[in-house]
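Asks: Below is a structure I'd like to ask you about.
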Amino acid sequence: MGKSLNEIAQDLKDNDKKVQLIYAFNGNGKTRLSREYRLLVAPKVYGDTELEESEVFSKKIIYYNAFTEDLFYWNNDLEKDVEPKLLIHPNSFTRWIFEEQGQDRNIITKFQHYSDEKLTPNFNEDFTEVTFSYERGNNEHSHYIKISKGEESNFVWCVFYSLLEQAINVLNVAEPSDRETNQFDQLEYVFIDDPVTSLDDNHLIQLAVDLAQLIKRSESRTLKFVITTHNPIFYNVLYNELKTKTCYMLNREEDGTFELKEKNGDSNNSFSYHLHLKKTIEEAIENNQVQKYHFTLLRNLYEKTASFLGFPKWSELLPDNKETYYNRIIQFTSHSTLAGESVAEPSPQEKQTVRLLLEHLTSNYSFWKKV
């Protein structure tokens, strides 16, 4: 039996590593885990909500998750259809970023860096709304537009990133009395939940590199980071860029509990689907439990390997002089539609075929093997 998200959050909090990197498929509890972690570190006071926090600063944690994005919501101007606005829910977080620190220009620069240098956010005077337009370079701009969901998430991330960057710069001053502000003196935890939703791969990689560089610039001995993602590329970049880290995979069990399993290696060595297929077939062979459906899994593994290596047909990976024979068996066991042909238990020869084909694939196409 697994653990509750509260128990997993406690385990993460008790870990002394500077960075804890977690991979989880969508729907496996990343956002709920971020909330449990936040409540564990800084319990809510009476009347406190995710959008109306009593005080963002002088706290132990800052966090980015789906609730952070809820601070920004659209007024689509349905009547006139000329000026869609992204409204900003004011709280201590947004007031400090925009009004006290004047981070609006920095946010605009970062947003354009990850999206389009001509796509420009335009804040109103009290920073309660922002419109978007394309600058033409001649002091003119296009009509206000509604940006995509990916661009919207990117914009919200840039707001949070500006806060995080400021906090790290402040805490890098060792003596508290020498810092420009003491609002971050109690900060110990940063939780970042999936900031790469809808980003294309190029900007996703750049965001991951920038985040890793920022974390590496942090000289505070007490500041710890937890980062969750469903994106293998984002995970791999952070895995390779960050040295002092612990990596996990979060799984939801059938009974509703959760498992946080430590992983040593990037996504290709830890949780890629083709490795899941390979492991499933290997376990069936080892336990003499090969069934008809394992031929389907084997074919799927051949298809993914052929696609990665650039072969036009997966059958070209099959052993020499036996291609027709093996192809016929795989096609038959994968696509047979006649109930009378179906036999639950494969013959010993069919089981041996699964073993031989798997060994052929892993031995001849550079699958890593532990020696």
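The values are calculated or read from the model by the stated rules, or taken from the named source; none is laboratory data. Remember, it's a predicted structure, so these values are computed and weren't measured experimentally. Heads up, the Cβs are rebuilt from the backbone with ideal geometry, glycines too, and the neighbour counts pull from every protein chain shown.
Asks: Is it the case that region 230-239 has a residue that's touching a strand residue (DSSP E or B) at 6+ places or on another chain (Cβ under 9 Å), over 21 Å from Thr68 (Cβ atoms) and surrounded by fewer than 20 Cβ atoms within 10 Å (Cβ to Cβ)?
Replies: Yes - at least one qualifying residue is present in region 230-239.
Asks: Please go through region 1-18 and give me each residue that is of a type in the set (Gly, Ala, Ser), out of contact with any helix residue (DSSP H, G or I) (no Cβ under 6 Å at 6 or more places or on another chain) and surrounded by 15 or more Cβ atoms within 10 Å (Cβ to Cβ), ordered by number.
Replies: Kept after step one, since they are of a type in the set (Gly, Ala, Ser), are these residues of region 1-18: 2, 4, 9.
Now restrict to residues that are out of contact with any helix residue (DSSP H, G or I) (no Cβ under 6 Å at 6 or more places or on another chain): 2, 4.
Listed by number, the list holds a single entry, Gly2.
Asks: Report yes if some residue within region 298-310 is more than 28 Å from the chain's Cα centre (by Cα), surrounded by 14 or more Cβ atoms within 10 Å (Cβ to Cβ), closer than 20 Å to Ala284 by Cβ and modelled with pLDDT of 80 or more; otherwise report no. Talk me through it step by step, then tell me what you get.
Replies: If we filter region 298-310 for residues that are more than 28 Å from the chain's Cα centre (by Cα), which is where we start, we get 298-299.
Of the ones still in play, those that are also surrounded by 14 or more Cβ atoms within 10 Å (Cβ to Cβ) are 298-299.
Applying the additional criterion that residues be closer than 20 Å to Ala284 by Cβ yields 298-299.
Narrowing further to those that are modelled with pLDDT of 80 or more: 298-299.
Yes, region 298-310 contains at least one residue that is more than 28 Å from the chain's Cα centre (by Cα), surrounded by 14 or more Cβ atoms within 10 Å (Cβ to Cβ), closer than 20 Å to Ala284 by Cβ and modelled with pLDDT of 80 or more.
Asks: Right, something else. So which residues in region 97-107 are surrounded by fewer than 20 Cβ atoms within 10 Å (Cβ to Cβ), in contact (Cβ under 8 Å) with a residue 24 or more places away in the chain and assigned to a helix (DSSP H, G or I)? Break it down stepwise before answering.
Replies: Residues of region 97-107 that are surrounded by fewer than 20 Cβ atoms within 10 Å (Cβ to Cβ), as a first pass: 99-102, 104-106.
Among the residues that remain, those that are also in contact (Cβ under 8 Å) with a residue 24 or more places away in the chain are: 99, 101, 106.
Those that are surrounded by fewer than 20 Cβ atoms within 10 Å (Cβ to Cβ), in contact (Cβ under 8 Å) with a residue 24 or more places away in the chain and assigned to a helix (DSSP H, G or I): Glu99, Asn106.
Matching residues to (1) in a loop (DSSP other than H, G, I, E, B); (2) within 30 Å of Asn6 (Cβ to Cβ); (3) not assigned by TED's automatic domain parsing to the domain that holds Arg32:
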{"position": "Asn202", "(1), (2), (3)": "no, no, no"}
{"position": "Val209", "(1), (2), (3)": "no, no, no"}
{"position": "Gln213", "(1), (2), (3)": "no, no, no"}
{"position": "Asn236", "(1), (2), (3)": "no, yes, no"}
{"position": "Met249", "(1), (2), (3)": "no, yes, no"}
{"position": "Asn288", "(1), (2), (3)": "yes, no, yes"}
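Asks: Residues to consider are Leu78, Leu87, Leu21, Leu51; find the one that is surrounded by fewer than 15 Cβ atoms within 10 Å (Cβ to Cβ), modelled with pLDDT of 90 or more and outside any helix (DSSP H, G or I).
Replies: Values: Leu78 fails: modelled with pLDDT of 90 or more; Leu21 fails: surrounded by fewer than 15 Cβ atoms within 10 Å (Cβ to Cβ); Leu51 fails: modelled with pLDDT of 90 or more.
Only one candidate passes the filter, namely Leu87.
Asks: Continuing with this model, one more query. Residue pairs, Cβ under 9 Å, 6 or more apart or interchain, first in region 285-308 and at negative phi and of a type in the set (Phe, Trp, Tyr), second buried (at least 16 other Cβ atoms within 10 Å of the Cβ) and assigned to a loop (DSSP other than H, G, I, E, B). List them.
Replies: So the pair list comes out as Phe295/Pro346; Tyr302/Leu318.
Asks: Whether any residue in region 215-226 is closer than 28 Å to Gly150 by Cβ, in contact with a Phe, Trp or Tyr (Cβ under 9 Å, 6 or more places away or on another chain) and in a strand (DSSP E or B) is what I want to check.
Replies: In the first step, residues of region 215-226 are kept if they are closer than 28 Å to Gly150 by Cβ; the result is 215-218, 225-226.
Those still in the list that are in contact with a Phe, Trp or Tyr (Cβ under 9 Å, 6 or more places away or on another chain) too: 215, 218, 225-226.
So of that shortlist, the ones also in a strand (DSSP E or B) come out as 225-226.
Looking for residues that are closer than 28 Å to Gly150 by Cβ, in contact with a Phe, Trp or Tyr (Cβ under 9 Å, 6 or more places away or on another chain) and in a strand (DSSP E or B), one finds at least one in region 215-226, hence yes.
Asks: Within region 32-44, how many residues turn out to be in a helix (DSSP H, G or I) and surrounded by 15 or more Cβ atoms within 10 Å (Cβ to Cβ)?
Replies: 9
Asks: Is one or more of the residues making up region 109-124 touching a Pro at 6+ places or on another chain (Cβ under 7 Å), farther than 25 Å from Phe67 by Cβ and in the same structural domain as His203 (by TED's automatic domain parsing)? Before you say what the answer is, go through the steps one by one.
Replies: Our first condition is that a residue be touching a Pro at 6+ places or on another chain (Cβ under 7 Å); within region 109-124, this holds for 111.
Still in the running and farther than 25 Å from Phe67 by Cβ: none.
No, region 109-124 contains no residue that is touching a Pro at 6+ places or on another chain (Cβ under 7 Å), farther than 25 Å from Phe67 by Cβ and in the same structural domain as His203 (by TED's automatic domain parsing).
Asks: Across region 161-182, which residue is farthest from Ala208 (Cα to Cα) among those that are hydroxyl-bearing (Ser, Thr, Tyr) and outside any loop (DSSP other than H, G, I, E, B)?
Replies: Here is the first cut: in region 161-182, the residues hydroxyl-bearing (Ser, Thr, Tyr) are 161-162, 177, 181.
Subsequent filtering for residues that are outside any loop (DSSP other than H, G, I, E, B) retains 161-162, 177.
Numbers: Tyr161: 12, Ser162: 15, Ser177: 33 Å.
Across region 161-182, the extreme among qualifying residues is Ser177.
Asks: All but one of (1) assigned by TED's automatic domain parsing to the domain that holds Val226; (2) in contact with a Leu (Cβ under 8 Å, 6 or more places away or on another chain); (3) basic (Lys, Arg) hold for Lys278; which doesn't?
Replies: For Lys278, the failing item is (1).
Asks: Considering (1) loosely packed, with under 15 Cβ neighbours inside 10 Å; (2) free of Cβ contacts under 8 Å to residues at least 60 places away in the same chain; (3) under 30 Å from Val41 (Cβ atoms), say which one Asp200 fails and leave the rest.
Replies: (3)
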